[in-house]
Amino acid sequence: MANDGNLWQHMHDQLVAGELLEQVKVYATEYLQQVNDQRVFPDEAALGGLAHFDEPLPQAVGDSEAILQNLHEYGAPATTAQIGGRYFGFVNGGILPVGLAARWLADAWDQTAGLYLTSPIAAKLEHISEKWMVDLLGLPAGTAMGVVTGTSNATMCGLAAGRNTLLKNQGWDVNEQGLAGSPAIRVVMGAHAHGSVKKALALIGIGQKQIEIVPIDNQGRMDPTQLPELDNRTLLILQAGNVNSGAFDDFVTLCQRAKDAGAWVHIDGAFGLWAAASPNTRHLTAGIERADSWSVDGHKTLNTPYDCGLILCRDRAALTAAMQATGDYIQYSEDRDNMLYTMDMSRQARGITLWATLKYLGREGVAALIDRLCDHAALFSEQLQAAGFRVLNDVVFNQVLVACDSPNLTETTLRHIQQSGECWCGGSKWFGEPVIRISVCNWMTTPQDVERSVRAFAKARENAILEITTQTE
Ligand SMILES: *Cc1c(COP(=O)(O)O)cnc(C)c1O
């Protein structure tokens, strides 16, 4: 059928008939209806099904229905139930119905979000979302926003803007002169900075030996009393939401010190910056408005579909100068050109799903979402302690760090939790001790999900004790 010369006509008919979209609607609905009942991590059989995809590159044009059928049959079972209520791994978030649907619609539009001229609607909705985000987070009026893949990318953009500005203040133009022979700049960050920060620094030409590490307190917060003297050649990198404990740096004190010294402050707030959007957690982010740049994810706490990261920068010109691109064919407009704020030129119009999510939730809905995550984290902590587990952090936001009576028992219990299919958590180290790391970051989680997960923890610990005693017998 498809390769008989009528391929293009066939594809045209498929697009306008909408049958394939109807087909995936059925598949997706089926998936969504059972996602809370499926194993949270696939079992061996489902993983075995992935072998189905091992084949040489097809020679001939295939069959769209069969391809989608394959995905449904062998792909869906090998997903993690990330959008369900009992996935607590990493800080992965969920999806709102409106975000998912807007994403599908935007996918059908297939807009290139770089320029106003490539997509007026993408430009408009990123412009609106920028204003809403600045309002929601209480950042300085006029703060610029770029919509990127995630916080790793956003942090790199913010740090590049900061580096260039600090050097520009010393008469050095990075875009013109590069980095070789430039005046030295300093980087100061806490001992618990996220791995993506070091990676971003390396990518902008700052190596690990150049970083001045500030000691932290028992929650992973930078200790302000140990902050070195700052100056106007310093990038100070702070954290809203420690990736393990969820703790927040003391922005009031640290940002003031930086301002007095003329340093540039970047805040990595991948999931935690959202605390600013709820009256109940806003105190955690007091002082963030004095920073210069901020990175935050939509795909974590806000529960937009993947992917959506945001770079926010107080000095619009500093960000656009760092992200500048030229080319004879590029036509900037009087309206917003999204590519001025990011590294990408061509990219998906993820601002559309961001806008739809913010428009749907509104200020109150965003606050309720954040409160819900925090409440469930607190419930987790309470119930786990009642079940005899140790909680190692102050549960101030959505993160709970759990340990058993010995490191070995913690690690073995975690393995049993991961294999149980009942819920899924990752592991981490907290001051050298292995921990089970719970991130509550999906609106879908209910108190019943928390209770069921706590039972799964207890059962996993029983199995772990059995396993350990059999081994040592
Ligand atoms: C997730 C996370 C990042 C990285 O964000 P991506 O969106 O995965 O690139 C950086 N910092 C913190 C604190 C995070 O939690």
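Coordinate-derived values only; no laboratory data. Note that the coordinates shown come from a computational prediction; the quantities given were computed from them, not determined experimentally. Positions of Cβ are backbone-derived with ideal geometry, glycine not excepted, and every protein chain shown enters the neighbour counts.
For the stretch 3-150, count all C-alpha to C-alpha pairs, find those more than 18 Å apart, and express that count as a whole percent of the total.
Looking at the stretch 3-150, the distances longer than 18 Å represent 73 percent of pairs.
Can you list the lysines whose alpha carbon sits under 29 Å from that of K199, skipping same-chain ones fewer than 8 residues off?
Within reach: K168, K209, K259, K300, K429.
How far apart, in nanometres, would the label points at S182 and Q256 be if each is projected 7 angstrom from Cα along the Cα-to-Cβ direction?
Each label point is offset 7 Å from its Cα along the Cβ direction, giving 3.2 nm.
Please state, as a whole number in µm²/s, the translational diffusion coefficient that the Stokes-Einstein equation yields for the stretch 216-341 at 10 °C and 1.306 mPa s, with Rh defined as the Kirkwood radius across alpha carbon pairs.
Stokes-Einstein gives a translational diffusion coefficient of 99 µm²/s.
Report relative contact order for the chain in percent, whole number only (criteria: Cα-Cα under 8 Å, sequence separation at least 6).
Relative contact order here is 21 percent.
Can you return the aspartates and glutamates within cross-link range of K198? Criterion is Cα-Cα under 15 Å, with same-chain partners fewer than 8 residues away left out.
E212, D268
Only sites in a loop by DSSP and with at most 10 other Cβ atoms within 10 Å count here; which chymotrypsin sites (Phe, Trp or Tyr not before Pro) in the stretch 318-378 make the cut?
Y329
Label-point separation (nm) for Y329 and E411, each offset 7 Å from Cα along Cα-to-Cβ?
5.4
Can you pull a Stokes-Einstein diffusion coefficient for the stretch 118-202 at 25 °C (0.890 mPa s), Rh from Kirkwood over Cα pairs, as a whole number of µm²/s?
161
If Rh is defined by the Kirkwood formula over all Cα pairs and Rg also comes from Cα, what ratio Rg/Rh do you get for the stretch 92-166?
1.00
Which value at 222 nm does the chain reach when only helices count, each DSSP H run of 4 or more adding -39,500 (n - 2.57), with the total divided by all residues and rounded to the nearest 500 deg cm²/dmol?
Rounded to the nearest 500, the figure is -13500 deg cm²/dmol.
Let me know the charge dipole size of the chain about its Cα centre in debye, to the nearest 20, where only the beta-carbon of Lys, Arg (+1) and Asp, Glu (-1) is charged.
1340
Shape verdict for the stretch 281-342, please, from the Cα gyration tensor: rounded (a/c under 1.5), prolate (a/b greater than b/c) or oblate.
oblate
Just to confirm a number: summing +1 for Lys and Arg and -1 for Asp and Glu over residues other than T149 whose beta-carbon lies under 9 angstrom from that of T149, what do you get?
My count for the surroundings of T149 gives 0.
Ratio of alpha-carbon Rg to the 2.2 N^0.38 Å globular estimate for the stretch 398-458, to two decimals, please.
Here the Cα radius of gyration is 1.09 times the empirical estimate.
Quote to one decimal, in nm, the extra length available between H283 and D223 on full extension: 0.36 nm per residue of separation minus the C-alpha distance between them.
19.8 nm
On alpha-carbon atoms, Rg over Rh for the stretch 11-55 using Kirkwood Rh?
That ratio is 1.14, to two decimals.
In whole Hz and in residue order, list the ³J(HN,Hα) couplings for the stretch 446-459 that follow from phi through the Karplus curve 6.51 cos²θ - 1.76 cosθ + 1.60, θ = phi - 60°; x for Gly and Pro.
For the stretch 446-459, the Karplus curve yields 10, x, 5, 4, 5, 4, 4, 5, 5, 4, 5, 4, 5, 5 Hz.
Please compute one quarter of the surface area of the Cα convex hull for the stretch 161-265 and express it in square nanometres.
6.4
Taking every pair of Cα atoms in the stretch 371-472, average 1/r, invert it to obtain the Kirkwood radius, and report Rg/Rh to two decimals.
Ratio value, two decimals: 0.96.
In the stretch 411-473, which chymotrypsin sites (Phe, Trp or Tyr not before Pro) are in a loop and have at most 13 other Cβ atoms within 10 Å, using DSSP for the loop call?
F431
Please compute the modelled spin-label separation between Q208 and Q34, points set 7 Å along Cα→Cβ, answer in nm with one decimal.
Using points 7 Å along Cα→Cβ, the separation is 4.6 nm.
How long are the three semi-axes of the equivalent ellipsoid for the stretch 101-358, computed from the Cα gyration tensor as the root of 5 times each eigenvalue, in whole Å, largest first?
Semi-axes (√(5λ), whole Å): 29, 23, 14.
Would you please state the base-10 log of I(q)/I(0) at q = 0.06 1/Å for the chain, with intensities from the Debye formula using one equal scatterer on every alpha carbon?
Ignoring solvent entirely, the Cα scatterers give -0.30.
Would you order S129, S293, S346, S64 from fewest to most other beta-carbon atoms within 10 Å of each residue's own beta-carbon?
Going from least to most buried by this count: S346, S64, S129, S293.
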